[in-house]
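Structure first, then comments.
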């Protein structure tokens, strides 16, 4: 990707990657109707931020609206939930912004390291306080964007700027990679496309 100065001023409202991301988020949620697997309660709680100020050349921001269903016995958002949000948001950001580099499938995680700085609590929201519980998830590609490997980082913060958690996520692109057993017949008698 060319440096920002050679591309002119970044315009979030007209960025092709962000438009693709908005479409991808709608399709992702729509395709998961009836899904009851890991993280299914997260889908309604995640969205792409519509505020252009939240997006920069290489930073994509999502909004996580935590509920009591995401909390542990201490009434804070569970660490596993936070890791899942980081995984989902960084993967979708990568898919939306870099599908031209064959990252449209998101790849698979090689490492996901999370550091929890402050518990994410759920507050009662009264009239005029909508968004008080919102957590911004800023995702950035930091290096290694190539055919096979990439490193991303993400930060969770309140709208006030208070940092809650950070992560580093390394991924491997498996598009075009033949996995063990991929030549075996699938359930319908077709070759597996893995």
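For the range 134-152, check the following and say yes or no: at least one residue is surrounded by 12 or more Cβ atoms within 10 Å (Cβ to Cβ), modelled with pLDDT under 90, assigned to a loop (DSSP other than H, G, I, E, B) and out of contact with any strand residue (DSSP E or B) (no Cβ under 8 Å at 6 or more places or on another chain). Within the range 134-152, one or more residues are surrounded by 12 or more Cβ atoms within 10 Å (Cβ to Cβ), modelled with pLDDT under 90, assigned to a loop (DSSP other than H, G, I, E, B) and out of contact with any strand residue (DSSP E or B) (no Cβ under 8 Å at 6 or more places or on another chain). Only one entry of 105, 119 meets the criterion of being exposed (fewer than 14 other Cβ atoms within 10 Å of the Cβ) and not in a strand (DSSP E or B), and that entry is 105. Against the numbered list (1) over 21 Å from residue 72 (Cβ atoms); (2) over 16 Å from the mean Cα position of the chain (by Cα); (3) modelled with pLDDT of 90 or more, residue 111 comes up short only at (2). Screening residue 51 on (1) out of contact with any helix residue (DSSP H, G or I) (no Cβ under 6 Å at 6 or more places or on another chain); (2) farther than 19 Å from residue 16 by Cβ; (3) surrounded by fewer than 17 Cβ atoms within 10 Å (Cβ to Cβ) shows it passes everything except condition (2). When the range 54-80 is filtered for residues that are surrounded by 21 or more Cβ atoms within 10 Å (Cβ to Cβ) and either outside any loop (DSSP other than H, G, I, E, B) or out of contact with any helix residue (DSSP H, G or I) (no Cβ under 6 Å at 6 or more places or on another chain) (or both), the ones remaining, listed by number, are 60, 61, 62, 64, 66, 70, 77.
Residues of the range 9-48 that are farther than 16 Å from residue 104 by Cβ, touching a strand residue (DSSP E or B) at 6+ places or on another chain (Cβ under 7 Å) and at pLDDT 70 or above: 45, 46, 47, 48.
The values are calculated or read from the model by the stated rules, or taken from the named source; none is laboratory data. Here the structure is a predicted model, which is why all the values come from computation and not from measurement. Glycine also receives a Cβ, built like all others from the backbone with ideal geometry; neighbour counts cover every protein chain displayed.
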